[in-house]
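Working notes, structure below.
The values are calculated or read from the model by the stated rules, or taken from the named source; none is laboratory data. The structure presented is a predicted model; accordingly, all values stated were derived computationally and were not measured. Using ideal geometry, Cβ is built from the backbone for each residue, glycine included, and neighbour counts are taken over all protein chains shown.
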Amino acid sequence: MSEYTPSAIEPKWQKFWKKNKTFKTDDTDTSKPKFYVLDMFPYPSSSGLHVGHPEGYTATDIIARFKRMKNYNVLHPMGWDAFGLPAEQYAVKTGQHPKETTEQNIKGFRKQLQAIGFSYDWDREVNTTDPKYYKWTQWIFLQLYKKGLAYQADVPVNWCPQLGTVLANEEVIDGKSEVGGYPVVRRPMKQWMLKITEYADRLQEDLADLDWPESIKDMQRNWIGKSEGADITFQVAGSRQTIKAFTTRPDTLFGATYMVLAPELSLVDELTVPEKRQDVKKYREEAESKSDLDRTDLNKNKTGVFTGSYAINPATGNQIPIWIADYVLAGYGSGAIMAVPGHDQRDWEFAAKYELPIIEVVEGGDITKEAFTDTSKGKMVHSANADLSLNGLEVSDAKDKMISWLELKGQGKKTITYKLRDWLFSRQRYWGEPFPIIHVSNENKALPESELPVKLPEVENFQPAETGESPLYNVPEWVNTTDPETGLPARRETNTMPQWAGSCWYYLRFIDPNYEKGPVNPEKEKYWMPVDLYVGGAEHAVLHLLYARFWHKVLYDIGVVSTKEPFQRLINQGMILGELEFTALRNEYGHFVSTKSVKPDEREQYEPVKIPDTEVEKKGDDFVIKGTDAVVDARSFKMSKSRGNVINPDLVIRQYGADALRLYEMFMGPLEQVKPWSMRGVEGVYRFLKRVWRVFIDEETDHLDADIIDVEPSREQLKVLHETIKKVTEDINENRFNTAISALMIFNNEAMKWEKKPVSIMKDFVLLLSPFAPHIAEELWEKLGGGDTLAYVAWPAFDEKYMTAEFHTYAIQINGKVRASIQVSSEKATDKDHVLGMAKQDDNIQRYLDNGNLVKEIFVPKRIVNLVVK
RNA sequence: GCCGCCGUGGUGGAAUGGUAGACACGUUGGACUUAAAAUCCAAUGAGGCUUAAACCUCGUACCGGUUCGAGUCCGGUCGGCGGUACCA
C-alpha cells in the first residue's frame with residue numbers, strides 16, 4: 001500500500017553497494033578495455049556540497065555506470081583538494097586546526113556524495129593534505145628542482161596585506177584578491193618560481209591533439225599568448241650600451257620615433273642623465289607602489305619621464321629619445337619597446353601627450369586622429385634609407401624584408417614571445433605542502449628523497465609572521481634542523497606550495513593510491529592513462545588545466561608517465577544559476593515604476609522588490625506586474641549566500657530523493673550550458689519516477705504489477721523499446737543526457753498504456769534507466785527477479801529490424817510549404833512513383849496543382865515530397 | 001578593444017538542410033473527492049475563417065543571400081554571456 005518512496009529505497013541500495021564493494025575497480029585483468037572517467041575533485045568547504053557539484057558528477061556517474069554495463073573496466077574515483085585558504089582563515093579566527101576542520105568537512109562531503117549514489121571506488125580516495133599523498137607532491141617538486149625548472153627569484157609580487165600573502169597573477173582579479181576581494185599591491189620578494197615558460201611552446205602545440213572544447217583551447221592559447229615578431233637591437237647614442245626591443249611590427253621601424261623602457265629595468269639607472277635623476281627616481285617609486293588596480297584605472301592616462309638619453313634608430317640613423325613609462329611591462333619581451341606612434345594606439349596617445357613626433361609609414365589611415373593599426377591593407381611609405389627601401393610593399397612583405405636586413409646588419413632577428421609568465425609557486429601560508437628544501441649557509445639544498453615527506457609541524461598560531469613570512473617561520477624547532485647529509489646546521493624553507501600543487505597530479509595517484517615506490521605505479525599507469533574523460537567547471541580552463549598539463553609533461557620527460565597529455569577528452573559543465581527572479585522597482589510613495597524608465601544610475605532611488613512568478617505576465621517583449629504596465633526585470637543570478645538563492649542538495653534529496661536530483665540536473669538542458677534552477681522542474685522528474693514506479697508496482701500489494709508477465713512482446717512494443725535503446729545509447733555516447741531522459745519518459749508514457757507488459761521489455765527499460773536513476777532501477781530489477789545488482793548486467797542492444805513501422809508519413813510540400821501529410825505503407829515507401837501518385841491525389845494538393853503548372857518534383861525517400869508549382 | 005560562445009512559445013529546452021516547438025514545467029478546462037492534496041484525461045506559438053471539420057496567414061533577434069526547401073549554410077546589423085587586456 002505504498003507509493004514510490006525514495007527515502008526507503010535509496011539508503012538500502014547505498015548500503016548494499018558499500019557493503020558489497022560493488023564499484024571496486026578490479027584492474028588485475030588488463031585484457032578488458034579500460035575507461036578512466038574523472039571528476040574535478042572538490043575543495044571540501046565548510047558550507048558543504050552545492051547543486052553545482054552533482055551536475056558534473058552525475059554526468060560522469062552515468063557514463064561510468066554505462067561503460068561498466070558495456071563491459072569496460074572503469075576507473076571512477078573521488079578525492080579531496082583539501083589544502084587552501086578558507087581552512088586557514090578559519091583557523092586564524094577560531095584557533096581550530098585546519099586539519100580538524102578539513103577532516104570534518106571531508107566527512108560531510110563524503111556523506112553527501114554517497115547519499116547521491118555515485119558509483120565511486122571509495123577504496124581509492126585521496127586527500128592532498130595527507131602526508132602519504134603530499135610526500136609525492138614534494139617528490140615531484142624535487143624532480144622539477146633537479147631539472148632546473150624550480151628557481152628562486154626576487155620578483156615584484158602581488159602582495160595582499162589583508163591576507164598577508166603573496167598571490168599568483170591568476171589569483172588577482174582587477175587588482176583585488178580572488179579570495180575575499182582585498183586590494184593587492186606590488187612588492188619585491190624572494191619567491192619560488194616554476195619555469196612553465198620553458199614548456200610554453202609544447203603546451204600550445206599539443207592542444208591540437210586534445211578532444212577539448214575549442215573555446216577552452218582558445219583560452220589556453222590566449223593565455224600562453226604566442227606572438228611572432230623580431231628583437232631589434234638599438235645603440236645608445238654616445239655609449240656602447242644597447243637596448244633590445246621586441247616588436248611584432250618590424251615593418252614600421254622607420255616610424256619608431258622614441259623608445260620606452262619599463263620603469264623597473266636596471267638599465268634605467270645607466271641611461272638616466274644626471275639632471276633627470278630626480279624625475280626618474282620619483283617616477284619609479286610611484287610606479288612601484290601603484291597597485292595593479294591603479295595601473296588598470298590609469299589605462300587611458302599614460303604617464304612617463306624622459307631619461308635624457310637617446311638611442312639610434314637603425315633604419316633612419318636618427319637619434320630618438322629614451323623614456324620610461326609604466327605602460328611598458330617589465331615582464332613581457334625585454335621590457336623595452338620601440339615606439340611607433342603612427343601605428344600603435346598606445347604609443348600614439350603617449351606621443352600626443354608628450355609631443356613626440358608621429359610619422360606615417362603605412363598608408364591608409366589618418367594619423368593626426370589616431371594610430372593606423374590595420375595590417376591587412378595599405379602600403380609602406382616614408383620607409384627608405386641608402387641601402388633599404390620598403391616603400392610600396394605590403395605590410396607582410398615589408399616585415400620579412402626588414403628582418404632580413406636587420407639580420408644582415410646584426411641588429412635584429414626573428415623572435416617568438418609568450419605572454420605566459422613563470423609560475424609563482426610559493427605562498428606565505430601554513431596550510432600547504434612544505435618545500436623539501438633546506439638552507440645551508442644561505443644556499444638552497446634539496447633534501448634527499450629518503451627525507452620525504454617533510455611534514456607540516458603543529459603550530460599554535462596561524463597568523464603570518466610580521467615579516468610577511470609564513471606562520472611556519474614562528475616554529476623554531478621545526479625551522480632549525482640539520483643537513484641530513486653533512487650534519488651542518490640548516491634552516492627549513494618556510495614557504496609552502498600553492499593549492500594548485502596537489503591538484504596537478506592527483507589523477508595519477510588514483511591509479512594506485514597506496515603505491516610506495518613512486519607517485520604512480522608504472523605498470524598500471526600504462527594501462528589507465530590517459531584520463532578518457534575529465535569533467536569539471538570552466539573556471540579551471542586556464543589555471544588548473546594548464547598547470548596540470550605542465551607537470552604532466554615534466555613527468556613525461558623524466559619517464560614517470562607514458563602519455564604526453566593527461567586528459568584526452570574534456571567537458572566543462574555549465575554553471576547552475578538560481579531560480580529565475582522577477583524584480584520590480586518601487587518608489588518612495590510605494591508605487592511600482594517600470595524598470596524600463598529607470599536609468600542605471602537612478603536605480604538606487606528605488607526599492608527593489610521580488611515579485612512571485614504568479615504575479616507576472618508577458619506583455620510584448622516585457623514582463624509586467626499582472627494588470628499593470630510596470631515592467632519588471634527577469635533574470636537568474638549566480639547562486640550566492642548573500643543573495644539567498646542557494647539550493648541545498650540535501651534538502652532536494654530529503655524531499656524528492658537522490659534519483660530525482662540526478663535526473664533533474666541532467667534533464668535541465670545540455671551539460672555544457674549555463675541554466676537556471678527550477679524547483680518545479682525537480683517536481684516534474686519526481687512525477688516521472690512516480691509514474692515509472694506505478695508502471696511496475698501494484699501500489700495496493702507492493703508487489704510487481706500483475707500485468708508484467710512473460711509473454712511475447714508485440715511488434716509495437718519492440719519498436720518502442722528498440723527506439724528507446726538506440727536513442728539512450730547514442731545520447732549517452734554523445735553526452736546528451738537531457739534528450740536521453742526524454743526518450744525514457746516517452747517509453748514510460750507508452751508503457752502506461754499497455755495492458756500486458758512483457759517482462760523482457762520491462763527489464764531492458766530498467767537497465768536503460770539505471771545509469772540515470774540507479775536506486776529505483778536496482779529496486780525494480782530486484783522485484784523483476786533480475787538478481788543481486790544490475791551494475792554489471794550487459795547493456796541492451798538495439799536492432800534496426802524492430803524499428804520499421806508499418807507506415808511512413810510523408811510531408812507533402814508545395815513550393816516548400818507543407819500542405820498535406822500522407823501515410824505510405826513501408827513496402828512502397830521508397831517507390832517514388834507510388835508516393836508521388838498518392839501525393840497528387842490528396843484533395844488539398846490537387847487544389848494547388850489545378851491552379852498552376854507543376855515544374856519540378858523533389859522526392860526525399862521516407863521523408864518529404866516537394867512539388868514546385870508555378 | 002581583442003578572442004570565443006549564444007539569441008527558438010509564458011519557462012527549461014527539442015529539431016542528420018526536409019512537417020519548428022519533442023520531452024518537461026506552467027496555465028486553462030474536466031474526471032475522482034464532502035473538500036484539498038495526489039492521480040488521470042483534454043487543450044495550450046500568435047492570429048484569421050468556420051456551427052464544425054478542414055483550411056489560410058504570420059512565426060526561430062534584425063536585414064539580405066544561397067537552395068525545390070533555411071532555426072540549421074553564407075554576408076552584415078543589433079543584443080546577451082564567458083574569457084582576456086597598456087602583452088608592443
- Note on the structure: Checked the stretch A:647-685 for anything within 11 Å of RNA strand B (Cβ to nearest atom) and small (Gly, Ala, Ser); matches are A:669, A:678, A:681, A:684
- Being hydroxyl-bearing (Ser, Thr, Tyr) and crowded, with 21+ Cβ neighbours inside 10 Å is the filter here, so list the residues in the stretch A:210-250 that pass it. A:247
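Take residue A:414 and tell me if it is touching a residue at least 24 places away in the same chain (Cβ under 8 Å) and either assigned to a loop (DSSP other than H, G, I, E, B) or of a type outside the set (Val, Ile, Thr) (or both).
So residue A:414 fits the description; yes.
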- Only one of (1) part of a loop (DSSP other than H, G, I, E, B); (2) crowded, with 16+ Cβ neighbours inside 10 Å fails for residue A:588. Which number is that? (2)
- Message: Cβ contacts < 7 Å: first residue hydroxyl-bearing (Ser, Thr, Tyr), restricted to the stretch A:381-408; second residue in a helix (DSSP H, G or I), any location; separation 6+ or different chain. Result?
- Response: A:383/A:254
- Message: Going residue by residue through the stretch A:375-388, is there one that turns out to be in contact with a Ser or Thr (Cβ under 7 Å, 6 or more places away or on another chain), outside any loop (DSSP other than H, G, I, E, B) and more than 30 Å from residue A:187 (Cα to Cα)?
- Response: yes
- Task: Return a yes/no flag: does the stretch A:446-466 have any residue that is closer than 22 Å to residue A:139 by Cα, of a type in the set (Ser, Thr, Tyr) and buried (at least 18 other Cβ atoms within 10 Å of the Cβ).
- Result: no
- Could you please find all residues in the stretch A:591-630 being of a type in the set (S, T, N, Q) and surrounded by 14 or more Cβ atoms within 10 Å (Cβ to Cβ)? A:594, A:595, A:628
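Kindly state which helices (runs of 4 or more DSSP H) lie completely within the stretch A:754-870 and contain at least 2 residues that are within 16 Å of RNA strand B (Cβ to nearest atom) and within 24 Å of residue A:720 (Cα to Cα).
By residue number, A:759-769.
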- Task: Taking residue A:632 as meeting all but one of (1) in a helix (DSSP H, G or I); (2) within 14 Å of RNA strand B (Cβ to nearest atom); (3) among the aliphatic types (A, V, I, L, M), write down the number of the exception.
- Result: (1)
- Taking the condition among the acidic types (Asp, Glu), touching a helix residue (DSSP H, G or I) at 6+ places or on another chain (Cβ under 7 Å) and without any contact (Cβ under 8 Å) to a residue 60 or more places away in the chain, does residue A:483 pass? no
- Please find, among A:315, A:287, A:330, the residue that is surrounded by 15 or more Cβ atoms within 10 Å (Cβ to Cβ), modelled with pLDDT under 90 and assigned to a loop (DSSP other than H, G, I, E, B). A:330
- Within the stretch A:301-309, is even one residue more than 46 Å from the chain's Cα centre (by Cα), at pLDDT 90 or above and either part of a loop (DSSP other than H, G, I, E, B) or within 16 Å of RNA strand B (Cβ to nearest atom) (or both)? no
- Would you please name the residue that is nearest to residue A:549 (Cα to Cα), looking only at residues in the stretch A:507-523 that are buried (at least 17 other Cβ atoms within 10 Å of the Cβ) and charged (D, E, K, R)? A:509
- Query: Just one of A:438, A:367 is in contact (Cβ under 8 Å) with a residue 12 or more places away in the chain, surrounded by 18 or more Cβ atoms within 10 Å (Cβ to Cβ) and over 30 Å from residue A:145 (Cβ atoms); which is it?
  - Reply: A:367
- Query: If you check A:203, A:261, A:253, A:207, which single one turns out to be within 21 Å of the chain's Cα centre (by Cα), within 16 Å of RNA strand B (Cβ to nearest atom), surrounded by 20 or more Cβ atoms within 10 Å (Cβ to Cβ) and of a type outside the set (Val, Ile, Thr)?
  - Reply: A:203
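To keep it simple, each residue is scored yes or no on (1) surrounded by fewer than 21 Cβ atoms within 10 Å (Cβ to Cβ); (2) farther than 24 Å from residue A:825 by Cα.
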residue: A:717; (1), (2): no, no
residue: A:724; (1), (2): no, no
residue: A:729; (1), (2): yes, yes
residue: A:734; (1), (2): yes, yes
residue: A:754; (1), (2): yes, yes
residue: A:760; (1), (2): yes, yes
residue: A:765; (1), (2): no, yes
residue: A:779; (1), (2): no, yes
residue: A:798; (1), (2): yes, no
